[in-house]
Every structure is written in structure tokens, then in C-alpha cells.
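This report refers to the structure that appears directly beneath it.
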Amino acid sequence: MTMKKDTIRYEQALGSNATDKRIDILRRIGEVGSISEAARCAGVSYKAAWQAIEILTNLAGTLLVEKVVGGAGGGGAQLTATGQRLLQASDLLNAARSEVIANLNRAPDSGGSVDGLTALGLRTSMRNQLPCRVKSLRRKSPSLRVELELQGGALLYSTITRESAQLLGLHPGQQVMALCKATAVVVAAQLAPREGFNTLTGVTTRAASSRASGEVGLKLSSGLQLVGFGQAGHGLKARAPAMAQIEESGVVIAVSG
């Protein structure tokens, strides 16, 4: 697909607020004229910075950064006119968002902070969306293993690249969402522990006929709901104890900003 230089898909490129690391990197490139320097200032690797620009370019549907050839420093990078317009649009959206959130929080019947409303803007085909907290990040060459604490204290692990962790700005104590497809969750009465897989326990809320593989709903001890699939002959019935397994690489981490 050939990208146009003058048409921006704002709604896709600006789905997050000012804390979006990708927008931060784009802004720094405009300030310093170098991707490597922007990466250093943003505290990410050069590879992560390039990944950020590639993702933003795909979302915006237009060129945002172009190389500058020559010069005393041997060349660099600069924002295109549409890249500059994207940053201006980001500033306007963030100002409007801040005003709306402030007004809602000042309302006498607000019931407390409503900043978590940003999570409601997340639309995805992944049916399992679990609020959790980052507990730790550990290197698991060549990736990172992120330890997530679910409501109630149960642990969930996600294996992601270091570049992804940098762009998300992950750190212990951060509130995030863990996402996974229903088809990535195996549910059975008993499951043996497996290396690289999460194992969770709960009670079935519904189960398709065991004559064929089918969808199974599981309520975790914390009250969180999980949807997965049982194999043919699973024998599961509603309100029966069950276990679920999810591969660590199948757990996606999403942040609201």
C-alpha cells in the first residue's frame, strides 16, 4: 500500500493520551532531528524507537518521519508536515480530554476519580480482558517475562519483547489490562502444570455439550470471568471446579495511556 503524505487517520493514530510513548518519541524526533537521540532521551532502544514510528505510520496511514541526507552530522530525521499536524492534533485532544475528566471529577455525584474511563475506549476481538497490576519484570532471553497480579492475588504471566515493554512504559505497580483470545484458553477438569503456560483455577459458569469441543465459561476465585474452550469429552458442567491454561506468549498487555 502506497502511503499518502497529506491524509492522516487521526482516530487510529491518536487512540491514546499524552503518555503514549510513540507520540513522545515522534515529538522528540521533531525537537532533536535524530531518531537515535530521540530514543536516548525517551529512555528506549533505537530499535524500539523505530518500531514506534513504524506503528504510528501504519495507524496514521501517512509518512510521519523522513530522513535528512547530508549535513555536518551525516544526516538525521525530521517530521513531515503531516507528522507535525499529528502532534498538534494530539495536543488538542489531550487538552480536551483533561478538561472533560476535570469537569467529571468536580461533579458532586462523580463518586471519585473517573480517569479509568479511558479503558472503556479499548475495542478488541479478544474476549478475555482482565484488569491487573504489574508486579515484576524479569529478563527471559531474548524477551521479558512480566508478572501480573490479578484481583484477588492470583498471578498471570506474559512474555513480550523488551521493545514492547519500553513502548508501553511498563513498571511495577502499574495498572494494565491482560488480554487473550478465548481460543487461546484451554479449560478442563484437571490440567497438569506446563512450562511457559499460566494455570488458573475456578468454577465453571457454563459449558457446551461435552460431545464436541466447545466454549466454557469460568469464574475465578477473585470473581473475574474467563472464557475458553474444552476439548471433546471434557465432561464439565456448570458450577463444577475446573482449570484453565493460557500460554504466556498468548497474553497481551494493554495500557490506557
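Descriptive notes on the structure:
- Per-selection Kirkwood Rh - the stretch 124-179 (Cα, Å, 1 d.p.): 11.5 Å
- Cα-Cα pairs of the stretch 136-257 separated by more than 20 Å (percent): 44 percent
- Computed Kirkwood radius, in angstrom, where 1/r is averaged over Cα pairs of the stretch 180-246: 11.4 Å
- Annotation: amide H of Gln174 within the under-5 Å range of Val134, sequence separation 5 or more or interchain, hydrogens built in the peptide plane.
- Normalised by the number of residues in the stretch 180-246, the mean separation of alpha-carbon contacts (under 8 Å, six or more apart) gives a relative contact order of 46 percent.
- Potential lengthening between Gln175 and Leu93 on full extension [0.36 nm per residue; Cα-Cα distance subtracted]: 27.3 nm
- For the listed peptides 46-56, 223-233, a ranking on the average number of other beta carbons within 10 Å per residue, highest first, reads 46-56, 223-233.
- Listed pairs Lys21/Lys47; Lys47/Lys181; Lys135/Lys219 exceeding 21 Å between Cα atoms: Lys47/Lys181; Lys135/Lys219
- With a simple spin-label model that places each label point 7 Å from the Cα along the Cα-to-Cβ direction, the separation between Glu147 and Ser36 comes to 3.7 nm.
- Using only side-chain charges placed at the Cβ, +1 for Lys and Arg and -1 for Asp and Glu, the dipole size of the stretch 154-252 relative to its Cα centre rounds to 420 debye.
- Cleavage-rule hits, GluC sites (Glu not before Pro), the stretch 192-257, DSSP coil, Cβ neighbours within 10 Å at most 14: Glu195
- The listed peptides 188-194, 124-130, ordered by packing as a protection proxy, come out as 124-130, 188-194 (highest mean of other Cβ atoms within 10 Å first).
- Here the simple spin-label model places points 7 Å from the Cα toward Cβ, and for Ser45 and Thr124 these points are separated by 2.3 nm.
FYI, it's all coordinate maths here, none of it is from the lab. Bear in mind the structure is a predicted one, so any value in this text is a computation, not a measurement. Cβ: placed from backbone, ideal geometry, glycine included. Neighbour counts: every protein chain shown.
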